[in-house]
Amino acid sequence: MNPETHTLLDQVITPADLRELNEDQLPQVADELREYLLQAVSKSGGHFSAGLGCVELTIALHYCFETPHDRIIWDVGHQAYPHKILTGRRDRIGTIKKTGGLAPFPKRDESEFDTFGVGHSSTSISAGLGMALASTHKDIDRRVVSIIGDGAMTAGMAFEALNHGGSLNPNMLVILNENQMSISPNVGGITKILARMMSGPTVTNIRERGKQLMHRDSRVWRFMSRWEEHVKGMIVPSTLFEEFGFNYLGPIDGHDLPVLIRTLRTIQTVEGPNLLHIITTKGKGYAPAEEDPVKYHAVGPFDPDKGIVQTTPVVKPSPTYTQVFGQWLCDMAEQDERLLAITPAMCEGSGMVEFAQRYPDRYFDVSIAEQHAVTLAAGMACEATHPVVAIYSTFLQRAYDQLIHDVCLQNLPVLFAIDRAGLVGSDGPTHAGSFDLSFLRCIPNMLIMAPADENECRQMLYTGFQHQGPAAVRYPRGIGTGKAVEKAMRQIPIGTAEVVKRGNSVAILAFGSSLEPSREVAIRIGASLVNMRFVKPLDADLIHEMADGHNLLVTVEENAVSGGAGSSVNELLCAAGVVVNTLNIGIPDRYIEHGSRDDCLSMAGLDANGIFEQVTNRLKELKEPLICSEKSKL
């Protein structure tokens, strides 16, 4: 079906239009919406299988609740594409994740229907509880609905919110959308409990009986739902959510629109905190996505008739930094049996699939629990093992206290392999690793490295693993410079930088991924160039040498300028009483919006042109002559 030829879906510009339809028309809307999503995302790319699984739920929520007056909060937001389509953004869905296009996740300044900005997991119940309590305080009659997946329910924050909310009796609904997936298949005890709750003939019979009772008056429904829970308590491990103080109903089929609508309308008559447990299929309605929801979680353009077709490239591309880490992890584990590896539910994203297959007894997926991941590593390190925590920069932020208190304060040998450092491109500011250098370098005992290429990444991982204390290697998303990766592993002398080229009165100190664009600028203006390699400790001797021999010292990093690597250079010089003109270039004090990675670097002034412009402007202020090479023109 062509996205431009819909019938009922054409009539739905906003949820108010959806509520004008007859209920028996909604299954057709669901079919058209699912087909539209398939056709649109297959052309543009984007998050896919999660949205397919939430089509009926999205329709039912906007049909039963008076949105945007009633609040709907999506957890993470991978599943919110159908929500965006039904809330006035259908014609722009093809621009999602692109520069100037729709954001990849719900965003408050994009639409009044996006009631809470998301991107990280397990925030929806806390945010919904806050909205419900604020509405009560202001005496506003409003319903609040928080949708959370069983993957996101593995995070402690979700249970903190349930624990608090159940004691306050707010008018809110939590919808637990169980599909046994986060990005990857779920792991852990909560997943096992939910799986047992939804299985077995007795529970199935109770569920079917509940469907028949949904249309009756609320007193009967409340009595039967309580009775249902007591029966379930005899055959499942726990009446967990009831004990938190939430009135539990379910599980029900999340793809059965009539049952969903009946259930939601009944719940609207019940005061206090309610939790509805629904069962859905990630990738629902598109067979390839149902069979492999991980592969179809986030996609590039593809032919919907053929699905994603793996092609063999004629020339083997350079490995990504993630792949370099994954290979190093396997090689290091083969050499050293002390190595244990931890991930907070990001096996594929962090490049750990091969390791998990080869060393299953040394691989630990802790689910979406970054705080636990870091303290777990600390405990392992206390027992003469050497844990490696593979984590995205933006997710490490969620475990900052554990990093300080449990790892660094005790000076434990834990290696942090920090992926997606710097600007990540299409996922936008929620996933950008803009702050790790700033928040890491102020922690005592921390060793921090930033590789400029793929081979340096491998050698830094080895160096950090040999270090008898906390160490971090932070590297960007995607491929690097194409530098060949050496099989042999060697230690880099800690705190040593290297001079790439010597030049005139300007010295550029480049950290990590900023080396290559800085190289272009250094060639053009004839500047000295240093690959700093270490953010902590700095190569103090070389920095002093550069300060003594140059009139302008420029630091470049793919991290926030505030408190970043450039700030550490300034502090070092200030402490030594050295006065030199400096320019710190990095991510400016604002959030860089989504787009291609190249566009994001350009917006931040971190591509070669942006660096060149900032350096030349500073030289003009200093009335320094600019020496340009005729060979290299930007």
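The values are calculated or read from the model by the stated rules, or taken from the named source; none is laboratory data. Treat the numbers as computed from the prediction; the structure is a model and nothing was measured. Cβ coordinates were reconstructed from backbone atoms using ideal geometry, including for glycine residues, and neighbour counts include every protein chain displayed.
All conditions but one from (1) at pLDDT 95 or above; (2) more than 19 Å from Thr123 (Cα to Cα) apply to Ser49; the one that does not is (1). Of the set (1) touching a residue at least 40 places away in the same chain (Cβ under 8 Å); (2) buried (at least 20 other Cβ atoms within 10 Å of the Cβ); (3) more than 20 Å from Met532 (Cα to Cα), all apply to Gln402 but (1). The single condition among (1) at pLDDT below 95; (2) within 15 Å of Ser518 (Cα to Cα) that Gly595 does not meet is (2).
Regarding region 336-353, can at least one residue be identified that is within 16 Å of Leu440 (Cβ to Cβ), surrounded by 21 or more Cβ atoms within 10 Å (Cβ to Cβ) and within 19 Å of the chain's Cα centre (by Cα)? If you could, list the steps in order and put the result at the bottom.
Step one: list which residues in region 336-353 are within 16 Å of Leu440 (Cβ to Cβ), which gives none.
Within region 336-353, not a single residue is within 16 Å of Leu440 (Cβ to Cβ), surrounded by 21 or more Cβ atoms within 10 Å (Cβ to Cβ) and within 19 Å of the chain's Cα centre (by Cα).
Return yes or no: is Leu86 modelled with pLDDT of 95 or more, part of a helix (DSSP H, G or I), in the same structural domain as Gly272 (by TED's automatic domain parsing) and more than 23 Å from Arg19 (Cβ to Cβ)? No. For region 581-604, how many residues meet the condition of being part of a loop (DSSP other than H, G, I, E, B) and surrounded by fewer than 17 Cβ atoms within 10 Å (Cβ to Cβ)? Final tally of qualifying residues: 6. With respect to being in contact with a Ser or Thr (Cβ under 8 Å, 6 or more places away or on another chain), surrounded by fewer than 18 Cβ atoms within 10 Å (Cβ to Cβ) and at negative phi, Thr95 fits the description. If you go through region 354-375 and keep only what is touching a helix residue (DSSP H, G or I) at 6+ places or on another chain (Cβ under 8 Å), over 14 Å from Pro387 (Cα atoms) and surrounded by fewer than 20 Cβ atoms within 10 Å (Cβ to Cβ), you end up with Glu354, Arg358, Gln371.
What residue, among those in region 615-634 that are surrounded by 12 or more Cβ atoms within 10 Å (Cβ to Cβ) and modelled with pLDDT under 90, is farthest from Arg502 (Cα to Cα)? Of everything passing the filter in region 615-634, Leu634 is farthest from Arg502 (Cα to Cα).
With Asp548, Asp539, Asp589 as the choices, which residue is of a type in the set (Asp, Glu), farther than 28 Å from Leu461 by Cβ and touching a Ser or Thr at 6+ places or on another chain (Cβ under 9 Å)? Give the derivation first.
Working: Asp548 fails: touching a Ser or Thr at 6+ places or on another chain (Cβ under 9 Å); Asp539 fails: farther than 28 Å from Leu461 by Cβ.
From the options Asp548, Asp539, Asp589, the qualifying one is Asp589.
Counting only residues that are over 29 Å from Gly45 (Cβ atoms), give me the strands (runs of 3 or more DSSP E) lying completely in region 396-500 with at least 3 of them. By residue number, 447-449, 471-474. Pairing residues of region 421-444 that are assigned by TED's automatic domain parsing to the domain that holds Ser513 with residues that are assigned to a loop (DSSP other than H, G, I, E, B), at Cβ distances under 9 Å and at least 6 apart in sequence or on separate chains, gives no pairs at all.
Scanning region 48-73 for residues that are under 17 Å from the mean Cα position of the chain (by Cα) and either part of a loop (DSSP other than H, G, I, E, B) or surrounded by fewer than 24 Cβ atoms within 10 Å (Cβ to Cβ) (or both) yields a total of 1.
A single member of Pro476, Pro429, Pro470 is farther than 25 Å from Met546 by Cα, in contact with an Asp or Glu (Cβ under 7 Å, 6 or more places away or on another chain) and crowded, with 24+ Cβ neighbours inside 10 Å, and it is Pro476. When region 132-146 is filtered for residues that are farther than 14 Å from Phe113 by Cα and not in a loop (DSSP other than H, G, I, E, B), the ones remaining, listed by number, are Ala132, Leu133, Ala134, Ser135, Thr136, His137. Hey, could you check region 16-47 for residues that are outside any helix (DSSP H, G or I) and either at negative phi or polar (S, T, N, Q) (or both) and say which is farthest from the chain's Cα centre (by Cα)? That would be Asn22.
Can you find even one residue in region 303-314 that is closer than 23 Å to His47 by Cβ, of a type in the set (A, V, I, L, M) and in the same structural domain as Ala399 (by TED's automatic domain parsing)? No, the conditions are met nowhere in region 303-314. No other residue among Ala452, Ala488, Ala507, Ala484 is closer than 27 Å to Leu619 by Cα and over 26 Å from the mean Cα position of the chain (by Cα) apart from Ala507. Of the residues Leu61, Leu52, Leu57, the single one that is assigned by TED's automatic domain parsing to the domain that holds Leu129, farther than 29 Å from Leu133 by Cα and aliphatic (A, V, I, L, M) is Leu52.
Only one of the listed residues (Asp406, Asp401, Asp427, Asp419) is among the acidic types (Asp, Glu), at pLDDT 95 or above and in contact with a Phe, Trp or Tyr (Cβ under 9 Å, 6 or more places away or on another chain). That residue is Asp419.
Would you point out the residue of region 479-510, among those that are among the small types (Gly, Ala, Ser) and surrounded by 14 or more Cβ atoms within 10 Å (Cβ to Cβ), that is farthest from Val554 (Cα to Cα)? So that I can check it myself, show each step before the final result.
Of the residues in region 479-510, the ones among the small types (Gly, Ala, Ser) are 480, 482, 484, 488, 495, 497, 503, 505, 507, 510.
Applying the additional criterion that residues be surrounded by 14 or more Cβ atoms within 10 Å (Cβ to Cβ) yields 480, 495, 497, 503, 505, 507, 510.
Working: Gly480: 23, Gly495: 19, Ala497: 15, Gly503: 13, Ser505: 11, Ala507: 6, Ala510: 8 Å.
Among residues in region 479-510 that are among the small types (Gly, Ala, Ser) and surrounded by 14 or more Cβ atoms within 10 Å (Cβ to Cβ), the one farthest from Val554 (Cα to Cα) is Gly480.
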